[in-house]
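Have a look at the structure below before the remarks.
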Amino acid sequence: LTLIITAIILVLAHLGLALFVMTYRDKGAGRKVIYSHGNNKLEATWTIAAAILFIGLNLMGYRIWAKMYFTGPQPGAMQIEVQGQQFAWYFRYPGPDGKFGPTHVEKVDDATGNFFGLDREHDADSKDDIVTATLGIPVDRPIELILRSQDVTHGFFVRELRLHQDVVPGMMIPIHFTATDEALKHQDGRYEIVCTQLCGLG
């Protein structure tokens, strides 16, 4: 809706600009150039109209935004930890016990594939955790992602799900959604997870 409204305004604004350029161009023959010092009533009208439009769109979108951030996921939602780092995403699923093992910053080691800093030898809950570079989710099941960053700010974005959230170092940010068959247009498959921040090459 926002894109449609702003596209209409963009086209009308450019048509208006073209009209003024054609109407008030220099036609020669000693025509006097007219300078406008503005119209306060017109300025106030445009400002109020823009404010009403902006506030109206925000009020319409507030319910969706509040549902995402102010209410928790549905009971039984599948929890997945997401970690962004230069230049990859990594995902952690709890194993059969349904529990995430604790993380240890000092044990994070990309060379050995320990991206989350798990101590599989001593933490029973960590032994069955599954860490992968691919996010796999079932259709029509509530999902809760717990997002975090290892280094800089990243932007978790899946276009087909209309899902976007910045990932900030030092914060664990939960978001929840359900990938419905209807939202995916009945085309289950593979989709790209894009980082929308300029964190490096590509």
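The values are calculated or read from the model by the stated rules, or taken from the named source; none is laboratory data. This is a predicted model, so every value here is computed, not measured. Note: ideal-geometry Cβ built from the backbone for every residue, glycine included; neighbour counts use all protein chains shown. What goes into the accessible areas is simple: the full protein's heavy atoms, side chains included, and nothing from ligands, DNA or RNA. Shrake-Rupley method; radii C 1.70, N 1.55, O 1.52, S 1.80 Å.
In table form, for the structure just shown:
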read-out	value
Cβ-Cβ under 6 Å pairs, at least 6 apart or on other chains, the range 36-53 side over 16 Å from residue 24 (Cβ atoms), far side in a loop (DSSP other than H, G, I, E, B) and open to solvent by 100 Å² or more (accessible area, probe 1.4 Å)	none
Residue list for the range 130-151, restricted to those being farther than 20 Å from residue 174 by Cβ and among the hydrophobic types (A, V, I, L, M, F, W, C)	133, 139
Hits in the range 103-135 - residues which are farther than 30 Å from residue 198 by Cα and not charged (D, E, K, R)	122, 124, 126
Selection from the range 152-184 of residues that are hydrophobic (A, V, I, L, M, F, W, C), out of contact with any Cys (no Cβ under 9 Å at 6 or more places or on another chain) and outside any strand (DSSP E or B)	161, 168, 171, 172, 179, 183, 184
Of residues in the range 171-183 being over 19 Å from residue 65 (Cα atoms) and touching a residue at least 12 places away in the same chain (Cβ under 8 Å), the one least open to solvent (accessible area, probe 1.4 Å)	181
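A quick yes/no check of all residues on (1) among the hydroxyl-bearing types (Ser, Thr, Tyr); (2) at pLDDT 95 or above; (3) open to solvent by 40 Å² or more (accessible area, probe 1.4 Å); (4) closer than 29 Å to residue 1 by Cα:
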{"position": "101", "(1), (2), (3), (4)": "no, no, no, no"}
{"position": "124", "(1), (2), (3), (4)": "no, no, yes, no"}
{"position": "139", "(1), (2), (3), (4)": "no, no, yes, yes"}
{"position": "147", "(1), (2), (3), (4)": "no, yes, no, yes"}
{"position": "150", "(1), (2), (3), (4)": "no, no, yes, no"}
{"position": "163", "(1), (2), (3), (4)": "no, no, no, yes"}
